[in-house]
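Scroll down for the structure; my scribbles are underneath it.
The values are calculated or read from the model by the stated rules, or taken from the named source; none is laboratory data. Bear in mind that the values here come from a model prediction, so they are computed numbers and not experimental data. Methodologically, a virtual Cβ is constructed for each residue, glycine included, from the backbone with ideal geometry; neighbour enumeration extends over all protein chains shown. We work out accessible area using only protein heavy atoms, side chains counted, and drop any ligands, DNA or RNA first. Shrake-Rupley method; radii C 1.70, N 1.55, O 1.52, S 1.80 Å.
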Amino acid sequence: MREYLLTLCITAAVTYLLTGPVRKFAIVAGAMPEIRARDVHREPTPRLGGIAMFFGLCAGLLVADHLTNLNGVFSQSNEPRALLSGAALIWLIGVLDDKFEIDALIKLGGQMIAAGVMVMQGLTILWLPVPGAGTVALTQWQGTLLTVALVVITINAVNFVDGLDGLASGMVCIAAAAFFMYAYRIWYSYGIEAAAPATLFAAILMGMCLGFLPHNMHPARIFMGDSGSMLIGLVLAAGAISITGQVDPDSLFGGSQRQTVHHMVPVYIPLLLPLTIIAIPAADLVLAIVRRTWRGQSPFAADRGHLHHRLLEIGHSHSRAVLIMYFWSALIAFGALAYSVNSASMWIVLGVVILSAIGLLLLLMPRFTPRAPMWAQAFVPPRYRRRRKAVAESAPAAEPAAAAVDDEERTPVAVGVSGVNGATAIGARSRFLDRRKAGSSR
């Protein structure tokens, strides 16, 4: 565990320290498009944050290769090298798109090629646990097609939620944390070495997101762009492929436990958990495709109907919309994780139901502004602090102005798909700026 934590910290530190210079480079390189009418952000913001995230990935793999215990991951498996090869390719495509806005089909082809490179080096799905049939071995073509499909879906699902400051990096970090706990339990508790690469990938992915988040929280100083969103999507998919298709479920549970459906549930968790960690992005992806196809539009055409944009429409602030998405991601990912540990516990089901009710309550109260207790005043943003009575009495004239500020803070922000960090991973962006619309208030 110490070596995993060290790898995580090194990855986060490298990503964090490089993001500042990368921001200056992006400004000089001109990777900072003008504001369009449909954009959520209000000031031109540089992208190319994926450059810092990629070098954080490289640093994490390099450090892990020189650690005593994690070195065995590189000597016994070719998966880390496969991940680095696919990540380098998808990162290069993303950098070119952030700067030159390449064609949608080229990006789609690049995603497939990156997945194919990983398959050629051994990072592929070999078998699947199928209900009623047990473990089913896949042919080479079946494994390749399933691996490519999972990589492409995950990349675009992550990119679909990359529309608000800190949203994609935070949600992926939450998913990676839950995935790390599950993979580490399989590797450490059951002694299955095949789960070690997935555990390493999850630790590095957490470091990449944690290192980038301080620069990307609202108001963001830099966006990760497609170079970052496609990269973390690929790393997330690589971990899911490794733990699902490389670890044999029969090695986790004996034959006696496979006699009933009740005992088969934990066996299916390796198949279900990779889906739960991207449940929110995948739902947004499916809804967007259905919505656009129903309207006769291209599935990759930008619109204003994403889940985070709907949260803004009903009155949530930017920060609260992001926190609500964090909450639901954590509830789904860690709920599945808890269920995999003890599927027979009714307390887990009850806890998930209660937390879901709390989440729904938060969705229905967009105008409610919580106030922190007096002892926590110094640790929360000013809008959550209680006004002192003495100050209010001594300066009554300031109250209308303060109320106006509060009203302004609670005013819903006009929604739309961000042209920098909200476009789909394989969707084209408009190359022309409507200057009349760009000057509209946001």
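Give the ranking of 326, 188, 339, 4 by solvent-accessible surface, highest area first, calculated with a 1.4 Å probe.
Ranking 326, 188, 339, 4 by accessible area, largest first, yields 188, 339, 326, 4.
Taking the full set of protein chains and a 1.4 angstrom probe, give the accessible area of residue 314 in square angstrom, rounded to the nearest 10.
90
Taking H placed 1.01 Å from N in the peptide plane, check which residues at least 5 places from residue 135 or on another chain put their amide H under 5 Å from its amide H.
Long-range HN contacts for residue 135: 130.
With every protein chain present, what accessible area does residue 209 have (1.4 Å probe, heavy atoms only), rounded to the nearest 10 Å²?
Estimated to the nearest 10 Å², residue 209 gives 0 Å².
What ranking of 43, 193 comes out by heavy-atom accessible area, probe 1.4 Å, highest first?
43, 193
Jot down the per residue volume, in cubic angstrom and as a whole number, of the convex hull over the alpha-carbon atoms of the stretch 105-214.
Normalising the Cα hull of the stretch 105-214 by residue number yields 137 Å³.
Apply the Karplus parameterisation 6.51 cos²θ - 1.76 cosθ + 1.60, with θ equal to phi minus 60°, to every residue of the stretch 318-324 and state each ³J(HN,Hα) to the nearest whole Hz, in sequence, with x for glycine and proline.
4, 5, 5, 4, 5, 5, 5
What are the residues whose amide H is under 5 Å from the amide H of residue 102, where those residues sit 5 or more places off or on another chain and H is modelled from the backbone?
It is 97, by chain and number.
Name the long-range amide H neighbours of residue 223: under 5 Å, sequence gap of 5 or more, or other chain; modelled H, no Pro or chain starts.
Amide H to amide H, under 5 Å and 5 or more residues apart or across chains, residue 223 pairs with 47, 49.
To the nearest 10 square angstrom, how much accessible area does residue 374 have with a 1.4 angstrom probe?
Here the residue's solvent-accessible area equals roughly 100 Å².
Taking 7 Å along the Cα-to-C-beta vector as the label spot, tell me the residue 314-residue 102 distance in nanometres, rounded to one decimal.
Going by the 7 Å Cα→Cβ label model, 3.9 nm.
Under 10 °C and 1.306 mPa s, how fast does the stretch 62-165 diffuse according to Stokes-Einstein, given a Kirkwood radius computed over C-alpha pairs? Answer in µm²/s, whole number.
Reported coefficient: 102 µm²/s.
Determine the order of 318, 66, 218 by accessible area, beginning with the largest, at a probe radius of 1.4 Å.
Ranked from most to least accessible, the order is 66, 218, 318.
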